[in-house]
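Reading through the structure tokens given below for one structure.
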Amino acid sequence: MYLSAKAVAIALVTLQFRAVRSQQLKAMILADTNRDGIVDDSDATDRAFWTPSRGAIFLPNVGDSLKRCPNQDLQGNPLSNHELASCHDASGHLLLEPSLVAPLKTIPLEVSNDTIAHIYATPDAASERVRLFYMNNSSGNPTETASWIFVDPELTFNASHVQAGITLGIDGREFVKDSAKWDGKVRVHFDVHTNGSVMSDAVELKVAPVLTHHHLQRVSAFVSTAANETDPVQLGFIGQLDEVRKAAGIQEPLYLFNQSDDIWAQDFVEPAYASMPGPNGQPISLRIMLRSAQSVRTAGRQVFEQLRGKGVGGFQPEGGRGGYGDREINAYGNLETIPPYTSKSEVKYPAGRIIHGKHYDKMPAEATIAFLEGQELQKPLFLESGWLLIGHVDEFVQFLPSNETGLGFTIGIADTTSALDLLRNTSAAGHGGVRAISYNGSVEGSSSITKEELATTIDELLANETFHEVNAYAQRHIDANLGILLAEIPILRDHVIRIPSLFKAPKVSSLSSYTETVMEGEYLLVSFSPAAINGVVLDNYYVSAKTWGPVVEGRDIFEVAIREAYAKAGMEVGFVDDFMSHHHTFGEIHCGSNTFRETGVAWWE
């Protein structure tokens, strides 16, 4: 068969036209690269590589919006810790919570009707941990699960999809747990096969970090553990917390854990959040509750059994060493967060920075450290809390609002020097015979506090050499920790608020297997009297343990000093009696409570 010259010419022109048209066509997939909450042409540049200042963000969609996740198997047996944490909105292939999906889209292309396309995620570590969906345009309602279809890596899009442009969404099956396994980044590819050639494009995104809260974030709820008539002491504690909640102006009622009698609500859970840009400048967020790496502490299961729900997910630390049992080093009273600042070495912490206590050569669980460091923004700063029996940083340091530092916050630190001066001055004024601890209730059932201790006077205490030695020991450790903080945070020493505090070394019989061993020549200390430093910041209201200090002329001298100290931070103080609810077992208000704070935080700005 022979073609005429005219036919050959037409064929050549057609091939040339197709080649030119193919060159003009360009596959393009966009995400919210400029972080304004909208996907449009302004996202077209600098999208191939994610950077801290530019690049789309998506959420780990790990809540349980339909409350479908079980706590037991079909025989009624409790699920394992791993099984309990494995179920959530993103554990399947349905988009159960469309409000938390991050948008992407492909630009419409004028292609031939035999064109096909593929959309997929790389690398493998990311593709296993993210989900892609496309919106079924026949339904068209982005708020409905039925409108979204899961994008399998082998799914083929036809020409009509490519011609119309594809509306996509992405979410995470999980957050970063260990950056050595996955750093949170994913590259979404768009490959178009047309006219015998392949056009490809890609955009890089990163899963939002899970961030812990700091004290400058608004409180939305005050939290503790429920009680009933069988535990009148805890019931009374809850009643007092409710009164200070009202005084602080918090409208939400107390949120109470009710599936465990573990009263240490600060320790088995750390509230955190993840957020991404949303339309109209409003971040889209969810809470993520961190369970402590204390595998046998069943109260931590409430992260999933009670808290997990719509817009609330959980983290279960797994793997590595140091998370078995009930070690106090892994409780979250041993973790606090510095509010946002730029360090003296010019490192920016726009979401604040975690402080975490170590116990000399012992560190918190590897799974917890890997998780916290994997979020990148709040890399932990380690302080020494091993000199304390319980060993938590909340026993000696906190962060308070301030208008004087230029940062919006300052450091509150336990201070034995001012406390001892207060006792000495009271003695010098002729009141040395007053009881050092004025608590007048029953201590029956307490193994840590005796009637003899309660009868001790100021002068007897000041004459006790061991008492002075113990508090000097405490002050050395406090000063060393304060030195670490002041070397990091640009705060003047004069702006530090010193909270009068006293310590004691409990008898060996009071020690428990979950605390550390007392080293030769060392102490493991607890608070001598209810410690104000171990309280709760509720915006501009401070909840302190009732100090039960020496009463002179009808006033508790420590209570007066505590009010004066927190007044420097512009805070009103409310006192709660925790002597027999928490103090006698080596904890205070902060240990027995928690807070939920605002989550709509634009950490990327």
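The values are calculated or read from the model by the stated rules, or taken from the named source; none is laboratory data. Computed from a predicted structure; not experimentally measured. Positions of Cβ are backbone-derived with ideal geometry, glycine not excepted, and every protein chain shown enters the neighbour counts.
Can you tell me which residue in segment 350-404 is surrounded by the most Cβ atoms within 10 Å (Cβ to Cβ), limited to those that are among the aromatic types (Phe, Trp, Tyr) and on the phi < 0 side of the Ramachandran plot? Ranking the candidates gives PHE396 first. In the set PRO364, PRO401, PRO317, only one residue is under 15 Å from the mean Cα position of the chain (by Cα) and at pLDDT 95 or above; that residue is PRO317. Evaluating GLN251 against the criteria (1) under 30 Å from MET28 (Cβ atoms); (2) exposed (fewer than 14 other Cβ atoms within 10 Å of the Cβ) leaves one unmet condition, (1).
Can you say whether ALA561 is in contact with a Leu (Cβ under 8 Å, 6 or more places away or on another chain) and either over 22 Å from ARG245 (Cα atoms) or aromatic (Phe, Trp, Tyr) (or both), as far as the supplied structure shows? In short, yes. Annotation for segment 312-329: at least one member residue is crowded, with 22+ Cβ neighbours inside 10 Å, touching a His at 6+ places or on another chain (Cβ under 8 Å) and assigned to a helix (DSSP H, G or I). Inspection of segment 139-154 identifies no residue that is assigned by TED's automatic domain parsing to the domain that holds THR45, surrounded by 21 or more Cβ atoms within 10 Å (Cβ to Cβ), small (Gly, Ala, Ser) and in contact (Cβ under 8 Å) with a residue 24 or more places away in the chain. Here is the figure for segment 356-392: residues that are over 22 Å from THR517 (Cβ atoms), in contact with a Pro (Cβ under 7 Å, 6 or more places away or on another chain) and in a loop (DSSP other than H, G, I, E, B) total 3.
Out of segment 545-573, which residues are under 28 Å from GLU444 (Cβ atoms), crowded, with 22+ Cβ neighbours inside 10 Å and not aliphatic (A, V, I, L, M)? Listed by number, the residues that qualify are LYS546, THR547, TRP548, GLY549, PRO550, PHE558.
Filtered by the rule that a residue be more than 30 Å from LEU155 (Cβ to Cβ) and surrounded by fewer than 16 Cβ atoms within 10 Å (Cβ to Cβ), segment 194-219 gives a lone residue, ARG218. The residues in segment 194-219 that are of a type in the set (S, T, N, Q), more than 36 Å from the chain's Cα centre (by Cα) and not in a loop (DSSP other than H, G, I, E, B) can be counted, and the count is 3. Is it true that some residue in segment 247-254 is assigned to a loop (DSSP other than H, G, I, E, B), under 19 Å from the mean Cα position of the chain (by Cα) and touching a residue at least 40 places away in the same chain (Cβ under 8 Å)? Scanning segment 247-254, I find no residue that is assigned to a loop (DSSP other than H, G, I, E, B), under 19 Å from the mean Cα position of the chain (by Cα) and touching a residue at least 40 places away in the same chain (Cβ under 8 Å), so the answer is no.
For segment 457-468, the criterion of being under 16 Å from LEU524 (Cα atoms) and out of contact with any Lys or Arg (no Cβ under 8 Å at 6 or more places or on another chain) is satisfied by at least one residue.
Looking at CYS69, CYS87 in this structure, which one is modelled with pLDDT of 95 or more, more than 22 Å from the chain's Cα centre (by Cα) and not aromatic (Phe, Trp, Tyr)? Break it down into steps so the answer makes sense when it comes.
Details: CYS87 fails: more than 22 Å from the chain's Cα centre (by Cα).
Answer to the check: CYS69.
Tell me, yes or no, whether segment 566-587 has at least one residue that is under 28 Å from the mean Cα position of the chain (by Cα) and over 27 Å from ASP242 (Cβ atoms). Checked segment 566-587: at least one residue is under 28 Å from the mean Cα position of the chain (by Cα) and over 27 Å from ASP242 (Cβ atoms). Can you find a residue in segment 296-303 that is crowded, with 22+ Cβ neighbours inside 10 Å and within 18 Å of ASN61 (Cα to Cα)? There is at least one residue in segment 296-303 that is crowded, with 22+ Cβ neighbours inside 10 Å and within 18 Å of ASN61 (Cα to Cα). The number of residues in segment 340-370 being touching a residue at least 24 places away in the same chain (Cβ under 8 Å) and within 14 Å of LEU407 (Cα to Cα) comes to 10.
With the structure loaded, tell me whether VAL573 is touching a Ser or Thr at 6+ places or on another chain (Cβ under 8 Å) and either assigned by TED's automatic domain parsing to the domain that holds GLU395 or not basic (Lys, Arg) (or both) or whether it fails that test.
On the way: touching a Ser or Thr at 6+ places or on another chain (Cβ under 8 Å): yes; either assigned by TED's automatic domain parsing to the domain that holds GLU395 or not basic (Lys, Arg) (or both): yes.
Here the answer is yes, as VAL573 does meet what is asked.
Taken over segment 396-451, the criterion of being among the small types (Gly, Ala, Ser) and within 30 Å of GLY352 (Cβ to Cβ) is satisfied by SER402, GLY406, GLY408, GLY412, ALA414, SER418, ALA419. Residues that are more than 34 Å from the chain's Cα centre (by Cα) and either surrounded by fewer than 16 Cβ atoms within 10 Å (Cβ to Cβ) or of a type in the set (D, E, K, R) (or both) do occur in segment 182-193, at least one of them. Determine, yes or no, whether SER80 is touching a Phe, Trp or Tyr at 6+ places or on another chain (Cβ under 9 Å), of a type in the set (Ser, Thr, Tyr), more than 30 Å from SER197 (Cβ to Cβ) and loosely packed, with under 13 Cβ neighbours inside 10 Å. No: the conditions fail for SER80.
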